[in-house]
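Here's the structure, in structure tokens; my notes come after.
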Amino acid sequence: MKKEARFFKALADDTRLAILALLSWREELCVCDILTVLELTQSKASRHLRYLTQAGILEDRREAVWVYYRISSDLPPLEAGIVKSIQTHFDSKPYAALKKKLDSWLARKGNKPLCKCT
């Protein structure tokens, strides 16, 4: 039961839900994308990303100095169903401004990293 409790606690935070929303719209994002769009400090973004990773919701990949996150492809059926259900909510009006902000940032950034994430 502890694993399930950690999963639900990970989702019970506005910032972590916003991170999940960003990753629902893009397959993978660099830490610098997440912290820029959500206007977080590096340490705060890392703390929330670590919490989501430890709960099994996210997985990361390192490429040189950059760390990329994505929604875990290995979620158990219950958790995968809950994440899918939440993802449908991210297409609603309250999240439109966040999606627009992400799209704007990624358009300005292009394919090149603009910051170093470690």
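Tally time: how many residues in segment 14-34 are of a type in the set (A, V, I, L, M) and either without any contact (Cβ under 8 Å) to a residue 60 or more places away in the chain or not in a helix (DSSP H, G or I) (or both)?
Start the filter on segment 14-34 by keeping residues that are of a type in the set (A, V, I, L, M), which leaves 17-23, 29, 31, 34.
From what's left, either without any contact (Cβ under 8 Å) to a residue 60 or more places away in the chain or not in a helix (DSSP H, G or I) (or both): 19, 23, 29, 34.
Of the residues in that region, 4 qualify.
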| task | Kindly list, by first and then second residue, each pair from a residue in segment 41-62 that is hydroxyl-bearing (Ser, Thr, Tyr) and buried (at least 16 other Cβ atoms within 10 Å of the Cβ) to a residue that is in a strand (DSSP E or B) and at pLDDT below 95, limited to pairs with Cβ atoms under 9 Å and residues at least 6 apart or on different chains. | result | SER46/VAL67
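Based on this model, can you work out whether LEU23 counts as within 10 Å of the chain's Cα centre (by Cα), surrounded by 14 or more Cβ atoms within 10 Å (Cβ to Cβ) and not polar (S, T, N, Q)?
So LEU23 fits the description; yes.
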| message | Looking only at residues that are surrounded by 11 or more Cβ atoms within 10 Å (Cβ to Cβ) and hydroxyl-bearing (Ser, Thr, Tyr) in segment 72-117, which one is modelled with the lowest pLDDT? | response | TYR95
| query | Within segment 27-40, how many residues are surrounded by fewer than 16 Cβ atoms within 10 Å (Cβ to Cβ) and either modelled with pLDDT under 95 or within 17 Å of ALA97 (Cβ to Cβ) (or both)? | reply | 2
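The values are calculated or read from the model by the stated rules, or taken from the named source; none is laboratory data. All of these numbers come straight from a predicted model, not from anything done at the bench. For neighbour counting, all protein chains shown are included, and Cβ atoms are generated from backbone atoms with ideal geometry for every residue, glycine included.
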